[in-house]
Amino acid sequence: MTGSPYLRIRSIKKSYKGAVALHDIDLDVEQGAFVSLLGPSGCGKSTLLQILAGLLEADGGDVQLGGEDITNLPPWRRNIGLVFQNYALFPHLSIRQNVRFGLDMLGMDRTEAEKRVDESLAMVGLDPALSRKPGELSGGQQQRVAIARAIAIRPRLLLLDEPLSNLDAVLRHKVRLELRELHDRTGITTIMVTHDQAEALATSDRIAVMNGGRILQYEAPEALYRAPATAFIAGFVGSPPANLVPLSALDNNSWTLANGQVWKPIASLAPRAAGVRAGAACIMALRPEALAVGVSGEGGLPGRVVAIEFIGGDRLVHVETGGTQLTVRVSAEQAMAGPDILLFPPQETPLLFDANSGKRLKADF
Amino acid sequence: MTSRFSKGLMLAGVIAILLFLLAPILVLIFSAFDGGNVFRFPPRSYSLRWFEEALTHTEYRSSLWVSTVLGIISTAIAVGLSSLAAFGLVRGKPSYRLGLEVLLLAPLTLPLVVWAIALLSIYAQLGINGTLPGLILAHVTITMPFAARIMIATFDEIDPRLEAAAKSLGASPWHVVRRITLPLAMPGLMSSTAIAFLVSFNDVVVTTLIAGAGWITFPVRTFSRLRTEGIDPTTIAIAAMIVAFTIVVIVLGQRLFQLSRRF
Ligand SMILES: Nc1ncnc2c1ncn2[C@@H]1O[C@H](COP(=O)(O)OP(=O)(O)OP(=O)(O)O)[C@@H](O)[C@H]1O
Ligand SMILES: [Mg+2]
């Protein structure tokens with residue numbers, strides 16, 4: 001990569017009365033990209049978004065947008081569109097007046113502004129003739145108005161704070177596709193906050209996974225899924241997310257499971273392959289959809305079926321194994337033999353993490 | 001059937017309550033048109049003489065004028081100050097918010113007479129007893145708690161994210177106040193203005209003690225005449241005119257308000 005990125009965030013810090021909400025955040029976003037900030041509740045996603053919008057002052061660090069340092073620019077000079085989780089539509093203004101608000105602030109002339117309002121409303125799939133007040137709209141419509149209002153000003157950056165969280169499951173699925181389409185049509189660089197990993201995987205070019213005020217990993221969705229940097233990410237990404245199995249190396253070839261049971265896997269999953277010394281405590285991440293179920297064979301992980309959930313097309317089988325409960329995803333047609341089964345992890349290099357730091361252990365071949 | 005019955009019962013209840021509330025006003029208005037020399041109800045002969053009397057009576061006219069001017073000035077000051085204070089308390093969220101809120105309500109916790117005596121001794125020290133500034137200050141003091149209470153509740157109800165959203169759409173702080181905060185606070189401002197004006201206009205106790213003989217407000221004059229001469233029908237006529245004026249203002253306000261909502 002040459003030249004500096006479109007949005008460049010460096011060492012952004014923020015504390016609330018001594019409680020650290022953001023530690024040294026660095027993030028680069030390319031022009032026209034759709035990036036998600038993904039993380040559990042309270043990890044600092046909204047705080048970072050507010051800082052980007054200029055509504056909150058960081059304790060340190062700087063933000064550059066399009067080569068310009070905007071760290072100390074007040075929000076009304078930033079030209080950054082922001083969509084709040086609760087939409088924050090102005091209740092005393094009509095829908096059109098809401099969308100026109102930013103254009104009035106720019107001092108745009110009336111006919112041009114009205115045209116832009118029509119365009120923006122059409123772009124989010126709303127009837128431009130809508131003459132009602134925000135309070136009379138459904139949640140989904142309000143959300144569209146909020147987006148139309150934010151894109152009407154042709155922002156340099158569009159920030160979405162959990163834009164889908166107030167919608168029901170069906171609508172959420174539909175709107176997330178629309179959001180991505182809208183992004184592709186307008187080309188506006190977009191950052192979306194979410195704590196729903198499926199939403200992030202489905203819409204984003206890149207995902208920044210956050211936890212405890214830090215960015216743990218910043219990757220394209222597939223890379224994040226295939227090579228999570230920490231056990232936390234492995235246990236967070238995927239539907240359902242990966243099973244985290246605590247184990248410690250007994251010797252070069254076998255693992256001791258949580259309940260003391262010994263497991264001798266195939267060579268590629270053995271401690272030696274991962275370069276783990278005897279006695280080291282590790283976590284192995286096993287994807288529910290990558291586990292094969294059988295009754296006999298080399299290197300199987302013995303387990304006992306405790307529950308089966310039918311989820312349409314697939315079944316989720318809950319298996320008690322070595323003191324840990326795992327979830328396995330199998331197709332609904334697959335027959336399940338007896339309660340006692342063997343689980344076979346995929347042959348590739350394992351997703352193995354250090355139990356203390358949570359960091360990925362890379363085999364050094 | 002039952003629902004019809006209960007609806008009828010409810011209607012009867014509403015009418016009873018309205019009658020209870022409105023009866024004194026009706027009595028007042030009817031009596032104002034009475035031709036007799038003393039207050040009577042029901043009226044026995046009709047005449048407009050007390051209205052004529054009221055309009056030509058210089059003492060009442062000057063008192064009404066004093067009350068109105070005093071009410072307008074002290075309401076403007078009280079609503080202005082308490083709006084600023086309430087906005088600061090609600091948006092700034094200082095750690096002493098609760099303490100200050102209690103302090104703002106303090107005048108409500110003491111009997112007005114005690115409060116008036118305290119003000120009297122302070123104003124005597126300052127040498128502003130019996131002056132208009134002293135009287136205005138006293139009225140601001142007694143109306144502030146009401147105005148502040150309403151304004152704090154008003155700003156508490158306005159979602160700060162609306163202001164943040166406006167800022168992100170390019171609105172400077174001045175535009176945020178003018179286009180978002182003020183319009184949303186308007187109902188609260190209206191009611192706090194109305195309440196403050198009424199509290200000021202109705203006050204007898206504090207005004208009697210602070211104003212001395214220099215500035216006699218309408219209720220003070222009425223009250224003193226009541227004690228020396230009994231009920232004066234002129235007062236009744238003036239009261240009837242105040243009621244009529246209030247109704248006109250409310251109807252106009254409603255009309256304008258609805259019109260403003262339509263656009
Ligand atoms: N105004 C505030 N005062 C004090 N602490 C705050 C404030 N706002 C946020 N915090 C704290 O900062 C941390 C990060 O908050 P933030 O709102 O950024 O989280 P989030 O990732 O957006 O969470 P969510 O998914 O629940 O919206 C949390 O621990 C929160 O308690
Ligand atoms: Mg949040």
Legend entry - Options A:Ser46, A:Val328, A:Ser4, ranked by Cα towards positive dipole end of chain A, top entry (Cβ charges): A:Ser46
Inset, instruction - Using DSSP, restrict attention to beta bridges with both residues in segment A:7-234 and report what percent are antiparallel, rounded to the nearest 5. - result: 55 percent
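Rank by packing, highest mean first: peptides A:42-55, A:67-80, with packing defined as the count of other Cβ atoms within 10 Å averaged across residues. Display every interim value, and only then the final one.
Working: A:42-55: 21.8, A:67-80: 16.5.
Top of the packing list down: A:42-55, A:67-80.
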Legend entry - Nonlocal amide H pairs with A:Leu157, under 5 Å, H built at 1.01 Å: A:Gly81
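Does segment A:304-358 come out rounded, prolate or oblate by the C-alpha gyration tensor, with a ≥ b ≥ c the root eigenvalues, rounded set by a/c under 1.5 and, if not, prolate when a/b is larger than b/c and oblate if not?
Details: a/c = 2.05, a/b = 1.75, b/c = 1.17.
It is prolate, given that a/c is not under 1.5 and a/b is the larger ratio.
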Inset, instruction - Kindly report, to the nearest 10 Å², the accessible surface of A:Tyr218 as traced by a 1.4 Å probe over protein heavy atoms only. - result: 40 Å²
Inset, instruction - Could you give me the radius of gyration and the Dmax of segment B:116-263, taking only the C-alpha atoms into account and expressing both in angstrom? - result: 20.6, 66
Legend entry - Within straight-line cross-link reach of A:Lys362, aspartates and glutamates at Cα separation under 14 Å, skipping those fewer than 8 residues along the same chain: A:Glu348, A:Asp354
Inset, instruction - Would you mind checking which residues have amide H under 5 Å from A:Ile25's amide H? H placed 1.01 Å from N; only 5 or more apart, or other chain. - result: A:Ser11, A:Ile12, A:Lys13
Inset, instruction - Taking 40 Å² as the minimum loss, tell me which residues in segment A:70-85 lose that much accessible area going from the chain by itself to the full protein complex (1.4 Å probe). - result: A:Trp76, A:Phe84
Legend entry - For chain A, built as a Gaussian network whose Cα springs stay under 10 Å, the top-fluctuating residue of A:Leu301, A:Leu56, A:Leu130: A:Leu130
Legend entry - Whole-Hz ³J(HN,Hα) from phi, Karplus 6.51 cos²θ - 1.76 cosθ + 1.60, for segment A:266-280, glycine and proline x: 5, 4, 5, 9, 7, x, 4, 5, 8, x, 9, 7, 4, x, 5
Legend entry - Relative contact order for segment A:243-354, counting Cα pairs under 8 Å that sit 6 or more residues apart, in percent: 30 percent
Legend entry - Charge-dipole axis of the protein assembly as shown as Lys and Arg at +1 and Asp and Glu at -1 on Cβ define it, positive-most pick from B:Val204, A:Leu159, A:Asn98: B:Val204
Legend entry - Percent accessible area from carbon and sulfur atoms, chain A, protein chains only, probe 1.4 Å: 50 percent
Inset, instruction - Name the long-range amide H neighbours of A:Leu291: under 5 Å, sequence gap of 5 or more, or other chain; modelled H, no Pro or chain starts. - result: A:Arg329
Inset, instruction - Could you tell me the accessible area of A:Glu119 in Å² (1.4 Å probe, neighbours in place), rounded to the nearest ten? - result: 70 Å²
Legend entry - Reachable lysines from A:Lys17, criterion Cα separation under 20 angstrom, eight or more residues apart if same chain: A:Lys45, B:Lys93
Legend entry - Reference-scaled alpha-carbon Rg (2.2 N^0.38 Å with N residues) for segment A:7-234: 1.01
Legend entry - In order through segment A:203-210: 3J(HN,Hα) via Karplus (6.51 cos²θ - 1.76 cosθ + 1.60), integer Hz, x for Gly, Pro: 9, 9, 7, 9, 10, 9, 8, 10
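Kirkwood hydrodynamic radius for segment A:243-354: how many Å is it when counted over pairs of different Cα atoms?
Hydrodynamic radius (Kirkwood, Cα pairs) of segment A:243-354 is 14.2 Å.
Other chains near B:157-166: what is the mean number of their Cβ atoms within 10 Å of each residue's Cβ? If you can, show how the numbers build up before the last one.
Numbers: counts 0, 1, 4, 2, 8, 7, 2, 9, 17, 7.
Counting Cβ atoms of other protein chains within 10 Å of each residue's Cβ and averaging gives 6.
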Legend entry - Pairwise centroid distance, computed over Cα atoms, of segment B:165-218 with segment A:1-38, Å: 45 Å
Inset, instruction - Would you mind giving the total buried accessible surface between chains B and A, with a 1.4 Å probe and ligands, DNA and RNA left out, rounded to the nearest 100 Å²? - result: 1800 Å²
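Divide by every residue of chain A the summed helix terms, -39500 (n - 2.57) for each DSSP H run of at least 4, and state the resulting mean residue ellipticity at 222 nm, rounded to the nearest 500 deg cm²/dmol. Walk me through the numbers on the way to the answer.
Values: 9 runs with 88 residues, N = 365.
Calculated mean residue ellipticity at 222 nm is -7000 deg cm²/dmol.
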Legend entry - Cα centroid separation, segment A:302-346 to segment A:71-99 (Å): 49 Å
Legend entry - Solvent-accessible area per residue for chain B (1.4 angstrom probe, square angstrom): 59 Å²
Legend entry - Note, ³J(HN,Hα) from phi for segment A:319-326, Karplus 6.51, -1.76, 1.60, rounded to Hz, x at Gly and Pro: 10, 8, 9, x, x, 10, 9, 10
Inset, instruction - State in Å² the accessible area per residue of chain A; use a 1.4 Å probe, count heavy atoms of protein chains only, and round to the nearest integer. - result: 44 Å²
Legend entry - Peptide A:135-143 - average C-beta neighbours from other chains (10 Å radius): 0
Legend entry - Angle between chain B longest axis and helix B:132-157 axis [Cα atoms, degrees, rounded to 10]: 50 degrees
Inset, instruction - Provide a list, ordered by number, of residues in segment B:170-209 showing at least 50 Å² less accessible area with every protein chain present than when their chain is taken on its own, using a 1.4 Å probe. - result: B:Arg179
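Report the Stokes-Einstein translational diffusion coefficient (µm² s⁻¹, integer) for the protein assembly as shown, Rh taken as the Kirkwood radius over Cα pairs, at 4 °C with viscosity 1.567 mPa s.
42 µm²/s
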Legend entry - Helix B:58-92 vs. chain B, principal-axis angle (Cα, 0 to 90°, nearest 10): 20 degrees
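What shape does chain B have by the C-alpha gyration tensor, where a ≥ b ≥ c are the square roots of the eigenvalues, rounded means a/c under 1.5, and otherwise prolate means a/b greater than b/c and oblate the rest? Let's see the in-between values first.
On the way: a/c = 2.08, a/b = 1.27, b/c = 1.64.
Oblate shape, in that a/c is at least 1.5 and b/c is the bigger or equal ratio.
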Legend entry - Residue-level accessible surface for B:Ile250, protein heavy atoms, 1.4 Å, Å²: 110 Å²
Inset, instruction - Between the alpha-carbon centers of segment B:6-53 and segment A:224-292, tell me the distance in whole angstrom. - result: 89 Å
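When the solvent-accessible surface of protein heavy atoms is calculated with a 1.4 angstrom probe, in what order do A:Met210, A:Met336 fall, highest first? Don't skip to the end; give the middle numbers.
Values: A:Met210 0, A:Met336 50 Å².
Accessible-area ranking of A:Met210, A:Met336, largest first: A:Met336, A:Met210.
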Legend entry - GNM flexibility winner over chain B from B:Leu119, B:Leu64, B:Leu19 (Cα, springs under 10 Å): B:Leu19
Inset, instruction - Any chance you could give the angle, 0 to 90 degrees and rounded to 10, that helix B:112-126 forms with the longest Cα principal axis of chain B? - result: 70 degrees
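The values are calculated or read from the model by the stated rules, or taken from the named source; none is laboratory data. Values in this document were obtained by computation on a predicted structure and should not be read as measured data. A quick note on method: Cβ atoms are made from the backbone with ideal geometry, for glycine too, and the neighbour counts reach across all protein chains shown. All accessible areas refer to the heavy atoms of the entire protein, side chains included, with ligands and DNA or RNA removed. Shrake-Rupley method; radii C 1.70, N 1.55, O 1.52, S 1.80 Å.
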